[in-house]
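K.L.:
Just passing along the structure, written as structure tokens.
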Amino acid sequence: KETGLNKSFRSVTSMFDIPKYQAFDPTGYVSLFFPLFFGFMFADIGYGLLVLLLALTAKQLTGPDTQQYTHILSVSALTTIGFDVLFGSFFGELVPAEPLWLEPFQASFYLLKVSLVIGALHMNLGVLTNLYQLIHQSKPVTTILQARDGFIGALGLSDYLGTWFSYARLLALTLATTGIALAVNLISSRLAGIPYLGSILQPITLILGHTFNYVVNLLGTTINAARLHYVEFFDLFFQGGGHRFTPFKIP
């Protein structure tokens, strides 16, 4: 019986397709890399705490059919908090927090290189998985850079590089979340100086601005974490077309 993270993240794999019989099941990879990507991109301790609160609230209010999704949210929230302790962002700079590692804007080029290294590891894991899968299935071994179609197949190298650079979205989402949070804080501080209305406008701007940033980037982070698996990763080895296992039952 499947338990733990794999049981929850099975739904992420299944939303793409069911691996066919004797094909490699990537759910173990998904359970590791999905929350890793999510936490890297969401980039704020405060938003991570809100995701955790959302997951715990949904778990209490919904039935067992949604437990896998609340579990995914909980794990992703914890990785978000962990990463953002390293980045030092807590609703932007609304709550002072010193980064344990680096500040994303000051070290953006370094984080770009980190994003591409993660992307290279992720993609090469997919290539090696495809190699293992083909050997296991006793099929001819080809790689993403090797052609059965002559010279034209070598042009796949450009596709490989294009796919690799798409992992720069890890940095892009990090900067987007942090940047909007900082902008909201700056605007609210300027509004605070308006006579009479400042004390009203500042908290309203903070609440609405951070709520907007939280919702938009929660959706964006989830979609992009899924995309890095469905488009960039699964395309390297995934063999779909399988059927969900249904245990035999005696009436």
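The values are calculated or read from the model by the stated rules, or taken from the named source; none is laboratory data. In this text the structure is predicted, and so the values were computed from the model without any measurement. So basically every Cβ, Gly included, is an ideal-geometry build from the backbone, and we count neighbours across all protein chains shown. SASA here: full protein model, heavy atoms, side chains in, ligands and nucleic acids out. Shrake-Rupley method; radii C 1.70, N 1.55, O 1.52, S 1.80 Å.
K.L.:
Excluding Ala120 itself, what net charge comes from residues whose Cβ is under 13 Å from its Cβ, given Lys and Arg +1 and Asp and Glu -1?
P.N.:
0
K.L.:
Here is a further query. Which net charge results for the neighbourhood of Phe24, defined as the other residues with beta-carbon distances under 14 angstrom from its beta-carbon, given Lys and Arg at +1 and Asp and Glu at -1?
P.N.:
Result for the local shell: -1.
K.L.:
Right, here's the next one. Could you tell me the calculated FRET efficiency between Asp65 and Leu32, based on Cβ-Cβ distance and R0 = 22 angstrom, to the nearest 0.05?
P.N.:
0.35
K.L.:
Scale the Cα Rg of the stretch 59-126 by the rule-of-thumb value 2.2 N^0.38 Å and send over the ratio, two decimals.
P.N.:
The stretch 59-126 yields a ratio of 1.49.
K.L.:
Using a 1.4 Å probe, how large is the accessible area of Lys139, given in Å² and rounded to the nearest 10?
P.N.:
90 Å²
K.L.:
Add -39500 (n - 2.57) for each DSSP H run of 4 or more in the chain, then divide by its residues: what number comes out at 222 nm, to the nearest 500 deg cm²/dmol?
P.N.:
-22000 deg cm²/dmol
K.L.:
Hey, if we sort Arg190, Arg227, Arg10 by accessible area with the 1.4 Å probe, largest down, what's the order?
P.N.:
The ordering from most to least exposed comes out as Arg190, Arg227, Arg10.
K.L.:
Right, next: Mean separation of Cα pairs under 8 Å and 6+ residues apart, divided by the residue count of the chain: what relative contact order is that in percent?
P.N.:
Relative CO of the chain lands at 27 percent.
K.L.:
Using heavy-atom solvent-accessible surface (probe 1.4 Å) with all chains present, what is the largest-first order of Ile118, Ile135, Ile204, Ile180?
P.N.:
Ile135, Ile204, Ile180, Ile118
K.L.:
Per q in 0.17 1/Å, what log10 I(q)/I(0) does a Debye calculation on the alpha-carbon atoms of the stretch 2-120 return?
P.N.:
Listed by q, the Debye log ratios stand at -0.91.
K.L.:
With all pairs of different alpha carbon atoms counted, what Kirkwood hydrodynamic radius in Å does the chain show?
P.N.:
Over the chain, the inverse of the mean reciprocal pair distance is 20.3 Å.
K.L.:
Next question, about the same structure. Enumerate the whole-percent occupancy of each 5 Å bin, from 0 to the last occupied one, for all C-alpha pair distances of the stretch 1-51.
P.N.:
Result, from short to long distances: 4, 18, 23, 20, 16, 10, 5, 3, 1 percent.
K.L.:
Starting from the 7 Å offset along Cα-to-Cβ, what nm value, one decimal, do you get for the label separation of Arg190 and Asp159?
P.N.:
4.7 nm
K.L.:
Next up: For the chain, modelled as a Gaussian network with Cα springs under 10 Å, which listed residue fluctuates most, Tyr196, Tyr47, Tyr230?
P.N.:
Tyr196
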